[in-house]
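Q: Okay, here's the structure, questions in a sec.
The values are calculated or read from the model by the stated rules, or taken from the named source; none is laboratory data. Quick caveat: nothing in here was measured; it's all calculated off a predicted structure. Positions of Cβ are generated from backbone atoms using ideal geometry, with glycine treated the same way; all protein chains shown enter the neighbour counts.
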Amino acid sequence: MHLRRLCGDDRVLTDRVDLEPYLTDERDYFRGAAEMVLLPRTTEEVSILVRACAARGVRIVPQGGNTGLVGGAASAEGEAVLSLRRMNRIVDIDCESMTMTVEAGAILANVCKAAEARGCLFPLSLGSSGSCQIGGNIATNAGGSNVLRYGSMRELVLGLEVVLPDGRIWNGMRALYKDNTGYALRHLFVGSEGTLGVVTKAVLKLFDPPKGTTTAFCGLRSVEAAIALFSLARRKVPGLLSAFELISGFSLEETCRHSGVAPPFKEEHAWYVLLTVSGGVDDAVLRDLSEDFLGAAFEQGLVDDAIIAESLAQSQTLWALREAIPEAEKMLGQTTKHDIALPLSKIAPFLAEAESRLLATFPDLMISVFGHLGDGNLHYNVCLPEVGSMGGDWRDSVADVVYSIVGQYNGSVSAEHGIGKLKRMLLRQHKTAVELDLLERIKASIDPDGQLNPGKML
Ligand SMILES: Cc1cc2nc3c(=O)[nH]c(=O)nc-3n(C[C@H](O)[C@H](O)[C@H](O)COP(=O)(O)OP(=O)(O)OC[C@H]3O[C@@H](n4cnc5c(N)ncnc54)[C@H](O)[C@@H]3O)c2cc1C
């Protein structure tokens, strides 16, 4: 076959058994149907393969670790998956410039470890760190639990190398913090979900690791109190807050029940906040600051219970509870998830309205809410023990209610996970005509033949 002759036999897989891992995603939500997987080892090979596919009208689906949750890396019949997994080198770590250069197929956890080994921090932290790739993180503008302090992937990328749909290579590998020379091209590719180019390399920002870290867990009576606590934290520990997570009482109880881990408090609370304070001072100083801040929160009646983790192990146990919520939800029957963002001031009204409208129509639903409150990002997950009278399309009925309220409050229907296949219709419903026109024109100007990742996002 022509593609094999171009780059070597082992760069092209066509055997059904070999293809299988590239057709199944992390949660088995979306099945791919490609009959070919391309496994280049260099940017030049990506360019050759993309050009050859374009000449033959074979559409390409770029794929990283396939951990995205919206079907962005799922392929259709006749398409080729282009996997970056063999381009996984850490090319360079520059501790003076505080930058690191990596190939797009490098696994996030390996990137973080390599930075740590040189005394630096790469702060992106996701539940999928062990399998997702930097290229996938860039293509989805991944967020995670440290966004509050360090920003999402968009803020962590300084330079990019991208193979364009016609095979040309764009070298934007500048390790510059300041560069006002025309349109910021790299930002077009961050969050483009493989529809504009194949990311092959990146220059990432590094940080000094914090000297100390303190984790606290609080029980509260309302979401309003959680939001007021966040404002207080910003004033009392300025610049030190690195995570501020909201967990509903229901989500925590189910997680403790399912995992067998004892709840952090004797009494149950309506809401919980898990927060991390970290910075250039040691643990003892951070602990004092956290005690002061939580003392003020008690005085103002914002928290009813609070603990500060005594050890790294206790802090890890608290975070493990947060990470275990999705597993516990699975035990509650069928689940439908909504990854949404709202202005902070609209979170409490959104939650009240969504719950009252959903339960008025569907009283059997159970609502599990948690998320990165500091970023205004909620995971609004709805579980149903038995489908019964709600019918097979119950998820659509729930989504209509949830997303209509998100729209009403000028929120986002996808805070972290992108659009992929899953949310294409939602994008159409929630963007204005002008926004859609601009998005379509950008796609048409860079990929006029629809060569890359067709049927995704737009
Ligand atoms: C357990 C779990 C926890 C998660 N937690 C978070 C979280 O906290 N925050 C968050 O933001 N996301 C989270 N995610 C989803 C998140 O989007 C991904 O884990 C990750 O960013 C995707 O990387 P990937 O390499 O798996 O990409 P894939 O799933 O392979 O691909 C995702 C999209 O990017 C495109 N793509 C992949 N590689 C490239 C490339 N080199 N060039 C161009 N396009 C490319 C694909 O075509 C696809 O459209 C989570 C997922 C899981 C399973």
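Q: Can you find a residue that is farther than 23 Å from residue 405 by Cα and touching a Phe, Trp or Tyr at 6+ places or on another chain (Cβ under 7 Å) anywhere in the stretch 291-305?
A: For the stretch 291-305, residues farther than 23 Å from residue 405 by Cα and touching a Phe, Trp or Tyr at 6+ places or on another chain (Cβ under 7 Å): present.
Q: OK, next. Between 281, 303, 285, which is among the hydrophobic types (A, V, I, L, M, F, W, C), touching a residue at least 12 places away in the same chain (Cβ under 8 Å) and touching a Leu at 6+ places or on another chain (Cβ under 7 Å)?
A: The conditions single out 303.
Q: Of everything in the stretch 306-340 that's within 14 Å of the ligand (Cβ to nearest atom) and over 30 Å from residue 427 (Cα atoms), which residue is surrounded by the fewest Cβ atoms within 10 Å (Cβ to Cβ)?
A: The qualifying residue surrounded by the fewest Cβ atoms within 10 Å (Cβ to Cβ) is 320.
Q: Taking residue 348 as the residue in question, decide whether it is of a type in the set (Gly, Ala, Ser), at pLDDT 95 or above and farther than 30 Å from residue 132 by Cβ.
A: Judged against the criteria, residue 348 is a match.
Q: Another one. Check 418, 455, 450 and return the single one that is touching a Ser or Thr at 6+ places or on another chain (Cβ under 8 Å), within 16 Å of the ligand (Cβ to nearest atom) and within 30 Å of residue 54 (Cα to Cα).
A: Selected residue: 418, the only one of 418, 455, 450 that is touching a Ser or Thr at 6+ places or on another chain (Cβ under 8 Å), within 16 Å of the ligand (Cβ to nearest atom) and within 30 Å of residue 54 (Cα to Cα).
Q: Continuing with the same structure: Which one of 166, 179 is more than 11 Å from the ligand (Cβ to nearest atom), farther than 18 Å from residue 86 by Cα and without any contact (Cβ under 8 Å) to a residue 12 or more places away in the chain?
A: 179
Q: In this structure, is residue 154 in contact with a Leu (Cβ under 8 Å, 6 or more places away or on another chain), within 15 Å of the ligand (Cβ to nearest atom) and outside the structural domain of residue 38 (by TED's automatic domain parsing)?
A: When the stated conditions are applied, residue 154 does not pass them.
Q: Looking at residue 64 and the list (1) farther than 30 Å from residue 413 by Cα; (2) crowded, with 20+ Cβ neighbours inside 10 Å; (3) within 16 Å of the ligand (Cβ to nearest atom), which single condition is not satisfied?
A: (1) is the only condition that residue 64 fails.
Q: Looking at 4, 86, 51, which is the one that is of a type outside the set (Asp, Glu), in a loop (DSSP other than H, G, I, E, B) and over 30 Å from residue 208 (Cβ atoms)?
A: Among 4, 86, 51, only 86 is of a type outside the set (Asp, Glu), in a loop (DSSP other than H, G, I, E, B) and over 30 Å from residue 208 (Cβ atoms).
Q: Just the residues that are part of a helix (DSSP H, G or I) and over 32 Å from the mean Cα position of the chain (by Cα), please, taken from the stretch 285-304.
A: Of everything in the stretch 285-304, those that are part of a helix (DSSP H, G or I) and over 32 Å from the mean Cα position of the chain (by Cα) turn out to be 288, 292, 295, 296, 298, 299.
Q: Could we say that residue 41 is part of a loop (DSSP other than H, G, I, E, B) and modelled with pLDDT under 95 here?
A: No: the conditions fail for residue 41.
Q: Can you name the residue in the stretch 185-226 that is outside any strand (DSSP E or B), more than 16 Å from the ligand (Cβ to nearest atom) and touching a Ser or Thr at 6+ places or on another chain (Cβ under 8 Å) and is also nearest to residue 347 (Cα to Cα) among such residues?
A: Looking at residues that are outside any strand (DSSP E or B), more than 16 Å from the ligand (Cβ to nearest atom) and touching a Ser or Thr at 6+ places or on another chain (Cβ under 8 Å), I get 210.
Q: Now for a different question. So which residues in the stretch 14-60 are in contact with a strand residue (DSSP E or B) (Cβ under 8 Å, 6 or more places away or on another chain), away from the ligand (no atom under 16 Å from the Cβ) and of a type outside the set (Asp, Glu), if there are any at all?
A: 14
Q: Being of a type in the set (A, V, I, L, M, F, W, C), within 11 Å of the ligand (Cβ to nearest atom) and out of contact with any Asp or Glu (no Cβ under 9 Å at 6 or more places or on another chain) is the filter here; which residues of the stretch 67-106 pass it?
A: Those that are of a type in the set (A, V, I, L, M, F, W, C), within 11 Å of the ligand (Cβ to nearest atom) and out of contact with any Asp or Glu (no Cβ under 9 Å at 6 or more places or on another chain): 81, 82, 106.
Q: How many residues does the stretch 71-83 contain that are in a strand (DSSP E or B) and under 22 Å from the mean Cα position of the chain (by Cα)?
A: 3
Q: Okay, next question. So which of 290, 315, 311 ends up being free of Cβ contacts under 8 Å to residues at least 24 places away in the same chain and of a type outside the set (D, E, K, R)?
A: Of the residues listed, the single one that is free of Cβ contacts under 8 Å to residues at least 24 places away in the same chain and of a type outside the set (D, E, K, R) is 311.
Q: Would you check which residues across the stretch 127-137 are in contact (Cβ under 8 Å) with a residue 24 or more places away in the chain and touching a Leu at 6+ places or on another chain (Cβ under 7 Å) and list them?
A: Within the stretch 127-137, 132, 133, 134, 135, 137 meet the criteria.
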